[in-house]
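The values are calculated or read from the model by the stated rules, or taken from the named source; none is laboratory data. For clarity, every value in this text was computed on a predicted model and none was experimentally measured. Positions of Cβ are backbone-derived with ideal geometry, glycine not excepted, and every protein chain shown enters the neighbour counts.
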Amino acid sequence: MRRIRHAALCVSDIARSARFYSSVLDFVEVERGTTPRADYCYLVDGECHLALLHYASDEMAGVADSSKFIGAHHFGIQVEDLARAQAESEAAGARFHFNLGDEQQGNFESKYRDPNRAIFDLSYGGWGGTPTQRLGSRPGNVPPPGRAGAASLRHVAVAVGEPAKSAAFFMQVFGFRRVGHEATQGAGRIDLSDGHVELAFIRSPGGEAVLGLNRGADFTGTHHVGFSVSDTASFEAKLLEGGGQVLDRSPDAGAFAERRYADPDGIVFVASENAWSAAARSGRD
């Protein structure tokens, strides 16, 4: 058990974003609230946990002017032995950031920065509403995995200065394996997989924005997330009705294309019917 079970987005309006991700992607809301650190809403897809956050603390967010930071922020990995994962992470070059929550309750996170300074979480207890939640009260409305018509979190992309350095770290510490089309591999992008969610390391934007989202030439951190959808046409109809945008609907993108979209905040994400399927992975080691 060393799997990505959590991703977090920073949004400007918690209620609006919760409506969008629940109505357009069919994620189920399991908790919402306010703390001195952040407003939050937690949603699940049956396998993974998606946090919508609006930070009130730069220290907590790990970025300057955090109340105005909008976009993908971090991801989380559930592990069998937290102390061992912490020690192995630090030995491989990660830097401890801080612990969040009560270790005896659910949603406890030990936050780290990888060798490129990208933020990720470690958890033993897991996140509320996921199948592997070990601690804390379980929400009563958790959806089953693989619901017909529902989207699922299947992709996390992280912008870093040296993709090879981050990829080597996550392969060494967590056993993620390398996947991806040969045309996308190299110094600029490396794709890994935990067996369910694919983790892509892409070179920080620099001169040219990645996926049309320019967060600054020096941006390091989770850049965007991706969702598997059962039917692109019906998904796009719900997306437009929910206030989202279609950014890239190229007819020549191929069967395994990651197509670009934006939510009502302008947060870029990708979606696909096939991009992270077993067929797409075949022959890509």
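For region 237-257, what are the residues that are buried (at least 19 other Cβ atoms within 10 Å of the Cβ) and either at pLDDT 95 or above or under 17 Å from residue 24 (Cα atoms) (or both)?
239, 244
Working only within region 3-22, note down all residues that are assigned to a strand (DSSP E or B) and at pLDDT below 95. It would help to see each step written out before you state the result.
If we filter region 3-22 for residues that are assigned to a strand (DSSP E or B), which is where we start, we get 3-10.
Selection gives 10 alone.
Can you tell me how many residues in region 194-209 are farther than 18 Å from residue 161 by Cβ, modelled with pLDDT under 95 and in a strand (DSSP E or B)?
0
Confirm whether residue 17 is out of contact with any Gly (no Cβ under 8 Å at 6 or more places or on another chain), small (Gly, Ala, Ser), crowded, with 17+ Cβ neighbours inside 10 Å and within 23 Å of residue 147 (Cα to Cα).
For residue 17, the condition - out of contact with any Gly (no Cβ under 8 Å at 6 or more places or on another chain), small (Gly, Ala, Ser), crowded, with 17+ Cβ neighbours inside 10 Å and within 23 Å of residue 147 (Cα to Cα) - is met.
Limited to region 210-236, what total is found for residues that are at pLDDT below 90 and of a type in the set (A, V, I, L, M)?
The total comes to 4.
Please determine whether any residue of region 70-82 is out of contact with any strand residue (DSSP E or B) (no Cβ under 8 Å at 6 or more places or on another chain), among the aliphatic types (A, V, I, L, M) and outside any loop (DSSP other than H, G, I, E, B).
Residues of region 70-82 that are out of contact with any strand residue (DSSP E or B) (no Cβ under 8 Å at 6 or more places or on another chain), as a first pass: 81.
If we keep only those that are among the aliphatic types (A, V, I, L, M) too, we end up with none.
Among the residues of region 70-82, not one is out of contact with any strand residue (DSSP E or B) (no Cβ under 8 Å at 6 or more places or on another chain), among the aliphatic types (A, V, I, L, M) and outside any loop (DSSP other than H, G, I, E, B), which makes the answer no.
Would you please list the contacts, defined by Cβ atoms under 7 Å and residues six or more apart or on different chains, that run from a residue in region 79-101 that is farther than 26 Å from residue 131 by Cα to a residue that is of a type in the set (Asp, Glu) and surrounded by fewer than 16 Cβ atoms within 10 Å (Cβ to Cβ)?
Matching pairs, first to second residue: 96/90.
Which one of the conditions (1) at pLDDT below 95; (2) more than 21 Å from residue 123 (Cα to Cα) does residue 72 fail to meet, given that it meets all the rest?
(2)
Return yes when residue 32 is farther than 23 Å from residue 140 by Cβ and over 15 Å from the mean Cα position of the chain (by Cα) and no when it is not. Walk me through how you get there before you give the answer.
Numbers: farther than 23 Å from residue 140 by Cβ: no; over 15 Å from the mean Cα position of the chain (by Cα): yes.
For residue 32, the condition - farther than 23 Å from residue 140 by Cβ and over 15 Å from the mean Cα position of the chain (by Cα) - is not met.
Looking only at region 21-43, decide whether some residue is surrounded by fewer than 22 Cβ atoms within 10 Å (Cβ to Cβ), in contact with a helix residue (DSSP H, G or I) (Cβ under 8 Å, 6 or more places away or on another chain) and under 16 Å from residue 156 (Cβ atoms).
No, the conditions are met nowhere in region 21-43.
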